[in-house]
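Enquirer: Mind having a look at this structure? Questions to follow.
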Amino acid sequence: MSRTPIIAGNWKMNNTIKETKALLTELIPLVKDAACDVVVCAPYTSLAAAAKLLRGTNIKLGAENVHWAEKGAFTGEISADMLKELKVAYVIVGHSERRQYFGETDETVNMRAKAALSRKLKPIICVGELLEERESGKTEAVVKAQIKGAFAGIPTRQLKNIVIAYEPVWAIGTGKTATADDADNTIAVIRKTIAKLYNKGAAEEIRIQYGGSMNAKNVAELMAKPNIDGGLIGGASLKAEDFSKIVNN
Ligand code: PEP
C-alpha cells in the first residue's frame, strides 16, 4: 500500500496578510516540483489572500479550526461553509493548543471533524500525549482514546478524506522530537486502532503525519519510517526555505 506523503504547515497565530503574501510568494516556486502533497494552514484573516496566491499552484490551503454548527450564535467562530467559500481544502482539528488553551475535548474534535467532512473539507485530526502521560506509560491508552473519540460515528467511506497528525505535546515548539522509532511505534498503535474501529484496509490507507519540532535536519529519518506519512510543521513552516527543505526532502 503506497500512501502519498503530506507535509502541512501550521502557521498558528502568525502572519499578517502582508507577511502571508511575502511568505507564499517565496514558497510557491521552491516547492513547485514536490513529490508529496503540500498544505499551508493559515490564520483566518490570511485565507482570502492566500487562496488568491495559491490558485493554480500545487499548494493546498488549510485553516486551523472550524466550528461544528452550520451557522448561528457562536461569536468568534467560523463555519465549514465560510471556509469552503475561501477555497480551503484542509482544516486542522483538535490541535493540542486548542485542547490546552480553549477547552477542546475529544467530543468537540469529533463534532468539528464531522462538520468539516460534511462540507468536503479534509480534517487533519491531531492526537498526542502530554509529557506526564508519556512518563507514566500512558501514551498508547491516551492516543487510542483520542482516536476513538475523534472518529465516533464517522463512516468508513470518509476515512480517505481524513489525515491524522500524531503530535506528542511535549515535542511541539520545544525543539524536542520523539525518536523516529518512538514516533513510528505510536503511529503503528494509531493504525491498529483504526483497523479495530474500521478494517485493516482502511488502516493501511489512512495517512498519519508526525508533528513536533520536525525540521529540515530530522525529516529524512522520520520519513524513512514505514508508518510516518508526512509532517505537521509549526515553527519550521514560517520560513519558506526551511519549509521547502522539509517538503523537498
Ligand atoms: C504544531 O504546532 O503542530 C507543531 C508541530 O509545531 P512545531 O513544529 O513548532 O513543534
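Enquirer: From the phi angles alone, apply the Karplus equation (6.51, -1.76, 1.60; θ = phi - 60°) to segment 149-161 and give each ³J(HN,Hα) in whole Hz, x where the residue is Gly or Pro.
Expert: Those phi angles translate into x, 5, 9, 4, x, 8, x, 3, 4, 8, 4, 5, 9 Hz.
Enquirer: Next question, about the same structure. Given H placed 1.01 Å from N in the peptide plane, which residues other than close sequence neighbours of I92 have an amide H under 5 Å from its amide H?
Expert: Under 5 Å from the amide H of I92 lie the amide H atoms of A63, E64, N65, I124, each far enough along the sequence or on another chain.
Enquirer: Right, something else. If you roll a 1.4 angstrom probe over the protein chains with everything in place, what fraction of the accessible area of the chain belongs to carbon and sulfur, to the nearest %?
Expert: On the way: 6220 of 11760 Å².
Carbon and sulfur: 53 percent of the exposed surface of the chain.
Enquirer: Output wanted: per-residue J couplings in Hz (rounded whole) for segment 13-27, from phi through Karplus 6.51 cos²θ - 1.76 cosθ + 1.60, θ = phi - 60°, x for Gly and Pro.
Expert: Karplus values, whole Hz, x for Gly and Pro: 8, 9, 5, 6, 4, 4, 5, 4, 4, 5, 5, 5, 4, 6, 6.
Enquirer: Oh, and also: Please state the charge dipole magnitude for segment 6-247, taken about the Cα centre, from unit charges on C-beta atoms (+1 on K and R, -1 on D and E), reported in debye and rounded to the nearest 20.
Expert: 780 debye
Enquirer: If Rh is defined by the Kirkwood formula over all Cα pairs and Rg also comes from Cα, what ratio Rg/Rh do you get for segment 169-236?
Expert: That ratio equals 1.00.
Enquirer: Just from its helices, what would the mean residue ellipticity at 222 nm be for the chain, if runs of 4 or more DSSP H residues each count -39500 (n - 2.57) and the sum is divided by every residue, rounded to the nearest 500 deg cm²/dmol?
Expert: Numbers: 11 runs with 102 residues, N = 249.
Value at 222 nm, helices only: -11500 deg cm²/dmol.
Enquirer: Please list 3J(HN,Hα) in residue order for segment 91-102, calculated via the Karplus relation 6.51 cos²θ - 1.76 cosθ + 1.60 where θ = phi - 60°; whole Hz, with x for glycine and proline.
Expert: 8, 6, 9, x, 4, 4, 5, 5, 5, 6, 9, 10
Enquirer: For the pairs K87/K176; K21/K176; K87/K225; K122/K144; K32/K200; K18/K120, note any where the Cα-Cα span goes beyond 25 Å.
Expert: Values: K87/K176 34 Å; K21/K176 30 Å; K87/K225 33 Å; K122/K144 21 Å; K32/K200 34 Å; K18/K120 29 Å.
Where the Cα-Cα span goes over 25 Å, the pairs concerned are K87/K176; K21/K176; K87/K225; K32/K200; K18/K120.
Enquirer: Right, next: If you roll a 1.4 Å probe over the heavy atoms of the protein chains, what accessible area per residue do you get for segment 6-247, in Å²? Walk me through the numbers on the way to the answer.
Expert: Numbers: 11180 Å² over 242 residues.
Normalised by residue count, the accessible surface of segment 6-247 is 46 Å².
Enquirer: So what is the relative contact order for the chain, in percent, with contacts set as C-alpha pairs under 8 Å and at least six apart?
Expert: Answer for the chain is 22 percent.
Enquirer: Continuing with the same structure: On a 1.4 Å probe surface of the protein chains, which of D181, D106 comes out largest in accessible area, and what is the full order?
Expert: Highest to lowest solvent-accessible surface, that is D181, D106.
The values are calculated or read from the model by the stated rules, or taken from the named source; none is laboratory data. A quick note: this is a predicted structure, and the numbers were derived from the prediction, not measured. As a convention, Cβ positions derive from the backbone with ideal geometry for all residues, glycine included, and neighbour counts pool all protein chains shown. Please note that ligands, DNA and RNA were not included when accessible areas were found on the heavy atoms of the full protein model with its side chains. Shrake-Rupley method; radii C 1.70, N 1.55, O 1.52, S 1.80 Å.
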